[in-house]
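Inspection log for the structure reproduced underneath, given as structure tokens.
The values are calculated or read from the model by the stated rules, or taken from the named source; none is laboratory data. This is a predicted model, so every value here is computed, not measured. Using ideal geometry, Cβ is built from the backbone for each residue, glycine included, and neighbour counts are taken over all protein chains shown.
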Amino acid sequence: MYLESRRTLARSEAYNFRRRETRYICGVPVTLQRFLRFGPVATRGMTLDISMRGMSALVCGAPRVGETVVIELTLRDAPVEMLATVRHSTDARSGFEFFPLSPIAQEEVQHWIEKLQQHEKTLFPNSYTPIAQFGND
């Protein structure tokens, strides 16, 4: 959910600031495989948001910007692996841009995003106009 201005809420679909695609909030366990000088290292974390082009996550041990990693998510019942590059990274969170996804990974991520959209629509069936009116008397 995105706060547009004081006392008004906007649908998260409207929040597309500086992004080519809308990201949807989700918390899914993630495994990140990094390839360091001494060999591959697996780290665990939790996703914060996801889109068809990328995601952000909290990861133990922040990866370096520009590093190529393999991300493994368990979205439905099977794990999905995606190759990604690290776009930004701090101790708090890291952002990843996916390389072109395989057809299977693309289908899984698309299905997950559709599920997140449906969940959001059940939580917030109406637009936020009644909430926007609150406090403006």
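At a glance:
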{"read-out": "Cross-chain or 6+ apart pairs with Cβ under 6 Å, region 12-27 first and among the β-branched types (Val, Ile, Thr), then modelled with pLDDT of 80 or more and not in a loop (DSSP other than H, G, I, E, B)", "value": "25/49"}
{"read-out": "Per-region count, region 77-102, residues exposed (fewer than 13 other Cβ atoms within 10 Å of the Cβ), under 11 Å from residue 62 (Cβ atoms) and touching a strand residue (DSSP E or B) at 6+ places or on another chain (Cβ under 9 Å)", "value": "2"}
{"read-out": "Flag for residue 36 being without any contact (Cβ under 8 Å) to a residue 12 or more places away in the chain and either buried (at least 18 other Cβ atoms within 10 Å of the Cβ) or farther than 18 Å from residue 111 by Cβ (or both)", "value": "yes"}
{"read-out": "Neighbours by Cβ (under 8 Å, 6+ apart or cross-chain): first from region 88-111, farther than 19 Å from residue 78 by Cα and among the acidic types (Asp, Glu); second loosely packed, with under 15 Cβ neighbours inside 10 Å and at pLDDT 90 or above", "value": "97/87"}
{"read-out": "Enumerated strands (runs of 3 or more DSSP E) restricted to region 1-105, each holding at least 2 residues that are modelled with pLDDT of 90 or more, under 24 Å from residue 124 (Cα atoms) and charged (D, E, K, R)", "value": "none"}
{"read-out": "Residue count for region 49-77, restricted to those that are of a type in the set (A, V, I, L, M, F, W, C) and without any contact (Cβ under 8 Å) to a residue 24 or more places away in the chain", "value": "1"}
